[in-house]
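> Before I ask anything, here is the structure I am working with.
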Amino acid sequence: MKKNLLYLYTFLLIFMSCSDYKQQSAEVFYETDLDEFINPERGFYRPFGTMVSDFVPLNAKTLLNLRNPNLAAGGFNVASSLTYRSYQLDIFKDKAISEEVLNAIQGDMDIIRKVGNKIVLRFSYSNSCCDAPFNDAPKAIILKHLNQLKPILEKNVDVIAVVQMGLIGPWGEQYYSDYFGDLEHGPVTNQHWLDRSEVIDMLLEVVPESRMVQVRAPYYKLRYLDGKDALPENAKPLTEENAFNGTPIARLAHHNDCILANYDDYWTYNSFHKFPAVSDTLNLKKYIASETKYLVFGGETCPGGDNGEDVYSPYNDCNSEGGGAQTYLKRFHASFLNTSWSGAVNGDWANKCIDEIKRNLGYRFALKRGLFPTEIVNGKKINIQLDIFNEGYASTYNKRLVEFVLQNTVTQKIYKKKIETDPRYWFTGEMQTLNLNFKWEETLPKGNYNLYINLPDPEPTIYNRPEYAIRLAGKLNSKSIWNSSTGWNKLFSDIKVK
């Protein structure tokens, strides 16, 4: 009887100790990493355009080299994970794209994937500016070509960051056109706008739903959404409630190829409700600044002068020089800029605010603090807290996974746990506090473990590629938390599993 009571007492002690398990935690504070490093889908991009009549394919060796700091126009060095690729379909304005050219485009996509880059993609037909004829293509040809390009876009969605509308007018900037209305000289009819909207409809159909399509000026989107009733003063920007839901308002984004050229970025903020157009920076800048919180924004600076001189200095200089460069880029949530244009504007940033701009284009997630268990008991929940501050000008704009990784320090075996959070909502200037209470579904063998956080690309083809994972800006004991061979960020060492 006494023996049985002893067994029962022992059992109750064990049961109570298990049910009363209280996590022992360690708090860690991280240094902010101010080093320059590349991350997917953001930063200064390298432009490579080609006319398909004289097709020059991308070169893997060149792109790999540009993933390290190289000289950009303006006199500063920068590394690039983004490639801007424009295809001028100059010999196909009256016929289908040849299989040879379609295969060459696919070859470029294979190279982009091989080197670990993402692509900003645009198709156009001419660079004949700025008096008629503009030598672009009619609507029927454009729609035919988009149908041909659809399989390529679907197959390579993993390496496409964003697609720019292109297609209409010189360089695909949709301003001048032989077929869709000349927005400077006229005429511009309602049918012209309907035809432009039909091209947007087709683009949204052939570009995979997970990717955005950038239009060149905000009024183009307003006209597509509201038709003849489009008025900048009545613009209703995208809100968080409808962001990222796959609808046209949530997918039509903006690029600006004359950033900081003058007060209205040379007709970027024109209202075309009536002809001739009038500048409406009051309403259209407010509209863009609001909805680019949820939409990708980027482009290139523009000097403005007839001979390439910068006519808007000092207004487009660094904030410290009396300008507003960083203020502008932050206001419009800029994710990327061209390295090659314009050196006249970008050059004023060199040796002044260029390091800040290089770091902050797009997202920059700085790890600040963490609270972690020092031991894990199988079957018991643990609590992890993380404070991550977005120092960048924007958040991520394409879907991204977040997961914890436990790695046994002896066997190197890994165990992963997906976290229900979305970095597209980790907005600029905000602290994200992740307070997570969970247990690992797998049984963890006893031993010592390191804990990492991984932000991989969700596409299966590149999920395991470290080049496509997000590096956090954090240091611990003066060492970077980034592991370049795995793409993981180290959070904490020496967790014991019992």
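> Can you pull out the residues in segment 435-459 that are surrounded by fewer than 16 Cβ atoms within 10 Å (Cβ to Cβ), assigned to a loop (DSSP other than H, G, I, E, B) and without any contact (Cβ under 8 Å) to a residue 60 or more places away in the chain?
441, 442, 445, 446, 458, listed by residue number.
> Assuming residue 358 fulfils every condition listed in (1) crowded, with 19+ Cβ neighbours inside 10 Å; (2) basic (Lys, Arg); (3) in contact with a helix residue (DSSP H, G or I) (Cβ under 8 Å, 6 or more places away or on another chain) apart from one, which condition is it?
Every condition holds for residue 358 apart from (3).
> Provide a single number: the residues in segment 271-314 that are farther than 21 Å from residue 254 by Cβ and hydroxyl-bearing (Ser, Thr, Tyr).
Residues flagged as farther than 21 Å from residue 254 by Cβ and hydroxyl-bearing (Ser, Thr, Tyr) within segment 271-314 amount to 1.
> Here's another thing I want to ask about it. Give me a count of the residues in segment 361-381 that are surrounded by fewer than 18 Cβ atoms within 10 Å (Cβ to Cβ) and under 13 Å from residue 437 (Cβ atoms).
3
> Pick from segment 480-498 the residues that are assigned to a strand (DSSP E or B) and at pLDDT below 95: which of them is farthest from the chain's Cα centre (by Cα)? Can you show your working first?
Restricting attention to segment 480-498, the residues satisfying the condition of being assigned to a strand (DSSP E or B) are 480, 482-483, 488-497.
Narrowing the set further to residues that are at pLDDT below 95 leaves 493-494.
Numbers: 493: 31, 494: 35 Å.
My answer is 494.
> Return yes or no: is residue 442 at pLDDT below 95 and of a type in the set (D, E, K, R)? Step through it out loud before you land on a result.
Details: at pLDDT below 95: yes; of a type in the set (D, E, K, R): yes.
Here the answer is yes, as residue 442 does meet what is asked.
> Would you check which residues across segment 398-434 are among the hydroxyl-bearing types (Ser, Thr, Tyr), under 30 Å from residue 327 (Cα atoms) and not in a strand (DSSP E or B) and list them? Please lay out each step first, then the result.
Keep residues of segment 398-434 that are among the hydroxyl-bearing types (Ser, Thr, Tyr), which gives 409, 411, 415, 421, 425, 428, 433.
Pick out the ones that are also under 30 Å from residue 327 (Cα atoms) and you get 421, 425, 428, 433.
If the condition is that a residue be among the hydroxyl-bearing types (Ser, Thr, Tyr), under 30 Å from residue 327 (Cα atoms) and not in a strand (DSSP E or B), then 421, 425, 428 are the ones that fit.
> Follow-up question, since we're still on this one. Within segment 460-479, take every residue that is part of a loop (DSSP other than H, G, I, E, B) and among the hydrophobic types (A, V, I, L, M, F, W, C) and give me the one that is nearest to residue 414 (Cα to Cα).
Let us first name the residues in segment 460-479 that are part of a loop (DSSP other than H, G, I, E, B), namely 460-465, 469-472, 474, 477-478.
Okay, now just the ones that are also among the hydrophobic types (A, V, I, L, M, F, W, C), so 462, 469-470, 472.
On the way: 462: 19, 469: 17, 470: 19, 472: 20 Å.
It comes out as 469.
> So which of 280, 265, 306, 310 ends up being surrounded by fewer than 21 Cβ atoms within 10 Å (Cβ to Cβ) and among the acidic types (Asp, Glu)?
306
> OK, next. With the condition being of a type in the set (Phe, Trp, Tyr) and in the same structural domain as residue 315 (by TED's automatic domain parsing), I'd like the helices (runs of 4 or more DSSP H) fully within segment 188-289 carrying at least 1 qualifying residues. Write out each step before concluding.
Numbers: elements: 190-206, 218-226, 248-251.
Passing ranges, in order: 190-206, 218-226.
> Moving to a separate point now. So residue 307 ticks every box in (1) free of Cβ contacts under 8 Å to residues at least 24 places away in the same chain; (2) under 25 Å from the mean Cα position of the chain (by Cα) but one. Which box is left unticked?
(2)
> Here is a follow-up. How about segment 236-280: which of its residues are more than 12 Å from residue 217 (Cβ to Cβ) and over 19 Å from the mean Cα position of the chain (by Cα)?
Residues satisfying the conditions are 236, 237, 241, 260, 261, 262, 263, 273, 274, 275, 276, 278.
The values are calculated or read from the model by the stated rules, or taken from the named source; none is laboratory data. The model shown is predicted, which means the values in this text are computed figures rather than measured ones. Please note: Cβ atoms are built from the backbone with ideal geometry, for glycine as well, and neighbour counts cover all protein chains shown.
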